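The values are calculated or read from the model by the stated rules, or taken from the named source; none is laboratory data. Here the structure is a predicted model, which means the values were calculated and not measured. A quick note on method: Cβ atoms are made from the backbone with ideal geometry, for glycine too, and the neighbour counts reach across all protein chains shown.
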Amino acid sequence: MAFPYQCLVARSETSPDSHSWILVGASGSKLVTQSSNGATSVWPQEESNVMDDHNDEQEPPGKRIKLSPPKEQKANFSSLVLSSDGKHLVGVTGEDKCIRVFQVGSGSCLQQLSERCMSRRPSSITLTDDDTTILCADKFGDVYALPLLPSPDEERPATPVVAEPAEEKVEGKEFTPSATVLTVHSGRNRKTLEEQLKKKAKGLLKTKEAITFKHDLLLGHVSMLTDLAYVRMHGRGYIITADRDEHIRISRGPPQAHIIEGFCFGHQEFISRLCLTKSGFLISGGGDAQLRVWDFLKFKLLATFPIRDTALAYLKARPELSPLGEDEANFKVAVSGIWAVRSSSDDVNEVLVACEGIPALFVFNLEPSSSGTCIPLQGNPLDVAFVQLSQGSWTAIVAIDNIHKPCSTTETRDDKDAPRLQHFSRPIPTGSQWHEDTSLREVLGSFAKEGSKLGVEGADAGATETSSPKSAGDKALRDILYNVENLRKRPGAED
């Protein structure tokens, strides 16, 4: 069974005579690219070694052993960003905390140019408007700036280490808990002590390698950063950051990122996604019942949209998906994606919104009196990308979870032929309804078949290729596809 596409990015280029585009998807640890001319490529390319018997004359000619590449822990992509000119792709792999930069060559082939491992796992990345700098937010609340294309002159020397005598040299130091059973007085501290004792049982700590590449600290929060955006308006750049503690901060862009312009306050739950529209509005969403629309330069709330009520109405109209019953009052949503709808018109302010574990996209037109509409899907949405197929016409490509049942993040599907992609378009003029467009199904046929295979690599490497993912192996898969609801603070967590 093929691994879903957890990330999608695309870029379109139009001219009076032609329309070209490129689509990149991350399926587990693999990247798949396809261009409008039909060329498809996969990174990394699969390799297989064939070892011949050294004594070919004495052994039968058919005595050949095919060796597969040695199994290793492969890092899965958690984020992708494509440069505005389409020449470079930036990807983050979560397990090894690496930021990888690829060159997009002819035939949509990817060539890795650099691999830089951060000290802490990146939670979000973006590029500045001139495509020269990567902005990286991490789970400890810091934002760093890295050059897109590092040069050897910018490498920083590692901190010198004094050599120790051979008999005294050790690889690490023993971890000692900072608390004991006599100093713990709360449930939360008890859990912390238990984790520290488990850490001590693992033995010596590994010494961290020094970071030698250029990375400049720009700003920091006191909470986990969940999303990051960059925009240039009125000749000045702005970094917009969101965290788990309901804060949206507006900071100046480099080299004045230490200057805080202000905050957008109003969320009561975590913020998971930020989205900037073409006209300059900021849309934020997370664990709250509403989406919020901001004039972020004035730190002013312009409107709210009832994402929870819209999702609840959709589920009530389709009880076969998820019978709510008495849990309706406790129903909550976790926004996993907000995408500004691409259009040839500058006055279009429409967004598509996905909620974790709900098989639909919700459409909101950012007008004060508008209400949300739904696009039903055949599975839970994971990401959305837009390509332009003709003048003024854009198509939304939706990555679908083909492993788990619709409306569930834990139960696996019974059908093995669930689609990994769905395509939707909307006729001109803007305002008409979205409808499923099957014209791209054949064009993207090879793209839909490529990617990682469950049981071969990725989250379920312990199973066979034909087996369905079950509890133990499936947890790693769920952690890759569904991690937004985990940001919600549990009642009593501070006790």
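Pairs linking a residue in region 437-457 that is at negative phi to a residue that is modelled with pLDDT under 85 and assigned to a helix (DSSP H, G or I), with Cβ atoms under 9 Å and 6 or more positions apart or on different chains, are S452/G458; S452/A459; L454/D460; L454/G473.
Might you check whether a residue that is surrounded by 20 or more Cβ atoms within 10 Å (Cβ to Cβ) and assigned to a helix (DSSP H, G or I) occurs anywhere in region 287-310? Yes, some residue in region 287-310 is surrounded by 20 or more Cβ atoms within 10 Å (Cβ to Cβ) and assigned to a helix (DSSP H, G or I). Residues that are modelled with pLDDT of 90 or more, within 30 Å of A289 (Cβ to Cβ) and among the acidic types (D, E) do not occur anywhere in region 486-495.
Answer yes or no as to whether F296 is aromatic (F, W, Y) and without any contact (Cβ under 8 Å) to a residue 40 or more places away in the chain.
Numbers: aromatic (F, W, Y): yes; without any contact (Cβ under 8 Å) to a residue 40 or more places away in the chain: no.
No.
Has region 370-392 got any residue that is part of a loop (DSSP other than H, G, I, E, B) and of a type in the set (S, T, Y)? Taking every residue of region 370-392 in turn, at least one turns out to be part of a loop (DSSP other than H, G, I, E, B) and of a type in the set (S, T, Y). Contact annotation: residue pairs with Cβ atoms under 9 Å, 6 or more positions apart or on different chains, pairing a residue in region 348-361 that is under 18 Å from L276 (Cα atoms) with a partner that is of a type in the set (D, E) and not in a strand (DSSP E or B), are N349/E367. Consider region 227-248 and keep the residues that are among the basic types (K, R) and not in a loop (DSSP other than H, G, I, E, B). The one that is farthest from S272 (Cα to Cα) is R236. Within this structure, D96 fails the test of being modelled with pLDDT under 90 and either in the same structural domain as D142 (by TED's automatic domain parsing) or not hydroxyl-bearing (S, T, Y) (or both). The set of residues from region 267-280 being part of a loop (DSSP other than H, G, I, E, B), of a type outside the set (D, E) and either at pLDDT 95 or above or under 21 Å from N486 (Cα atoms) (or both) comprises H267, Q268, F270.
Among the residues examined, A329 qualifies as without any contact (Cβ under 8 Å) to a residue 60 or more places away in the chain, assigned by TED's automatic domain parsing to the domain that holds A354 and over 26 Å from the mean Cα position of the chain (by Cα).
If you take the residues of region 393-422 that are more than 20 Å from the chain's Cα centre (by Cα) and not in a loop (DSSP other than H, G, I, E, B), which of them is farthest from E485 (Cα to Cα)? Within region 393-422, the match that is farthest from E485 (Cα to Cα) is S393.
Results for (1) of a type in the set (K, R); (2) at pLDDT below 80; (3) closer than 24 Å to D131 by Cβ; (4) surrounded by 10 or more Cβ atoms within 10 Å (Cβ to Cβ), shown as yes or no for each residue.
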{"residue": "V181", "(1), (2), (3), (4)": "no, yes, no, no"}
{"residue": "S186", "(1), (2), (3), (4)": "no, yes, no, yes"}
{"residue": "N189", "(1), (2), (3), (4)": "no, yes, no, yes"}
{"residue": "L228", "(1), (2), (3), (4)": "no, no, yes, yes"}
{"residue": "H247", "(1), (2), (3), (4)": "no, no, no, yes"}
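Applying the set (1) over 16 Å from G357 (Cα atoms); (2) touching a residue at least 40 places away in the same chain (Cβ under 8 Å); (3) of a type in the set (G, A, S) to G337 leaves exactly one unmet item: (1).
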